[in-house]
Amino acid sequence: MPLVSMRQLLDEAAKGGYGVGAFNVNDMEQIQAIMMAARETKSPVIVQASRGARKFAEDLYLFKLIQAAAELNPDTPIAMHQDHGNSFETCKSAIDLGYTSVMMDGSLKEDGKTPSTFEENVTVTRRVVEYAHPRGVTVEGEIGVLGGIEDGHGAGGSGLEHVTDPDQAVEFAERTGVDALAIAIGTSHGAYKFTKKPDGSVLKMDLLIKIHNRLPHTHLVMHGSSSVPKDLQDIINQYGGKLKETWGVPVEEIQLGIKNGVRKINVDTDNRLAMTGAIRKVFAETPEKFDPRDYLKPAREAMAKVVAQRMTQFGQAGHAGDYSPKPIEEMAKGYANGSLDTRPSLVGAK
Ligand SMILES: [Zn+2]
């Protein structure tokens with residue numbers, strides 16, 4: 001099966017009332033782990049690569065691995081997404097390579113650190129939409145600024161400094177025509193999200209609900225949504241790691257988000273923790289081993305277990321065969337004739 005448009009995956013998720021995890025990849029083992037989990041749970045899949053990942057894996061290696069995943073798993077719809085594009089050029093290079101979805105994160109300037117102005121964000125995101133949609137490619141934008149830093153990308157902070165303003169979200173959707181919108185509701189990137197179990201004072205679910213009510217046709221995206229489970233932290237620390245105590249986004253909060261318009265949930269840290277814990281365990285228990293396969297295989301299995309768990313929790317499990325993937329050329333036609341347009345003024349939202 002060729003790679004599928006992320007928009008189609010998210011439209012189907014909206015119809016079915018479930019969310020789809022977007023899992024970051026940097027290498028073959030992580031891609032295989034996601035595909036193992038997808039086969040086991042019969043889930044549609046969003047695989048995403050950050051700029052850091054594309055650099056680490058030399059772009060073409062990573063993309064060819066995704067194509068191999070698509071070829072080897074003909075029954076699984078797979079969308080390939082650029083995570084946090086920092087400029088038009090980054091997004092264009094992903095689209096030209098064959099990615100079926102891109103995120104233009106115009107909430108930050110091109111340095112990936114400094115918050116930009118609303119107008120700058122609209123201008124660069126609109127430019128990406130104008131390049132992507134005629135090619136059938138999905139665009140995710142971001143409004144408000146997430147906290148934390150990952151892969152050198154992020155404004156830092158707690159995630160509460162620049163939460164999304166609902167009026168701005170509506171204006172942004174109207175002026176850019178994005179398919180999906182990442183919003184800042186207090187989540188942040190990386191392992192150290194919260195110093196206590198998050199409650200209503202740190203995670204603004206009421207804000208999310210408000211935005212969804214005003215933008216019912218724009219798929220909402222939750223970033224920084226690893227749960228950072230204690231058992232994964234414990235394995236690392238048990239085998240010589242030194243993680244400080246930390247909390248992620250509880251799965252129940254994500255599920256509440258999914259009930260209120262969240263269709264894409266970004267998860268990276270949990271998979272990193274799972275792999276690192278499994279590798280540390282092998283090193284600690286069998287220090288005589290030196291074949292990379294001896295620790296990469298358990299690492300891959302540990303990640304597959306976490307991914308399968310999230311696929312089940314987000315509700316995407318069992319939905320891989322619900323629909324036939326449309327070629328992205330057909331998506332391009334849908335954008336051209338307006339049937340895929342989600343701008344609030346055109347779809348009757350207010
Ligand atoms: Zn993110």
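The values are calculated or read from the model by the stated rules, or taken from the named source; none is laboratory data. Keep in mind that this is a model prediction, so the values were computed, not measured. Positions of Cβ are backbone-derived with ideal geometry, glycine not excepted, and every protein chain shown enters the neighbour counts.
Matching residues to (1) surrounded by fewer than 19 Cβ atoms within 10 Å (Cβ to Cβ); (2) farther than 28 Å from VAL102 by Cα:
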position	(1), (2)
VAL249	no, no
LYS259	yes, no
VAL267	no, no
LEU273	no, no
GLY277	no, yes
GLU288	yes, yes
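Residue by residue, here is whether (1) within 15 Å of the ligand (Cβ to nearest atom); (2) closer than 14 Å to VAL145 by Cα; (3) surrounded by 24 or more Cβ atoms within 10 Å (Cβ to Cβ); (4) more than 15 Å from the chain's Cα centre (by Cα) holds:
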{"site": "ALA191", "(1), (2), (3), (4)": "yes, no, no, yes"}
{"site": "LYS210", "(1), (2), (3), (4)": "no, no, no, yes"}
{"site": "MET222", "(1), (2), (3), (4)": "yes, yes, yes, no"}
{"site": "SER225", "(1), (2), (3), (4)": "yes, no, yes, no"}
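In region 1-56, the qualifying residues are those that are in contact with a Phe, Trp or Tyr (Cβ under 7 Å, 6 or more places away or on another chain) and free of Cβ contacts under 8 Å to residues at least 40 places away in the same chain, and the one that is surrounded by the most Cβ atoms within 10 Å (Cβ to Cβ) is VAL47. Restricted to region 131-157, and to residues there that are more than 13 Å from the ligand (Cβ to nearest atom), part of a loop (DSSP other than H, G, I, E, B) and among the small types (Gly, Ala, Ser), the residue that is farthest from LYS92 (Cα to Cα) is GLY157. Taking strands (runs of 3 or more DSSP E) as the structural unit, those lying wholly within region 1-109 and holding at least 2 residues that are in contact with a Leu (Cβ under 7 Å, 6 or more places away or on another chain) correspond to 45-49, 78-85. Restrict the check to region 285-299 and report whether at least one residue is in a helix (DSSP H, G or I), within 20 Å of the chain's Cα centre (by Cα) and modelled with pLDDT of 95 or more. No - not one qualifying residue is present in region 285-299.
Look at region 190-212: where a residue is in a loop (DSSP other than H, G, I, E, B) and a partner is of a type in the set (Phe, Trp, Tyr) and buried (at least 16 other Cβ atoms within 10 Å of the Cβ), sitting 6+ places away or on another chain with Cβ atoms under 7 Å, you get LYS193/TRP247; LYS196/TRP247; LYS197/TRP247; PRO198/TRP247; VAL202/PHE194.
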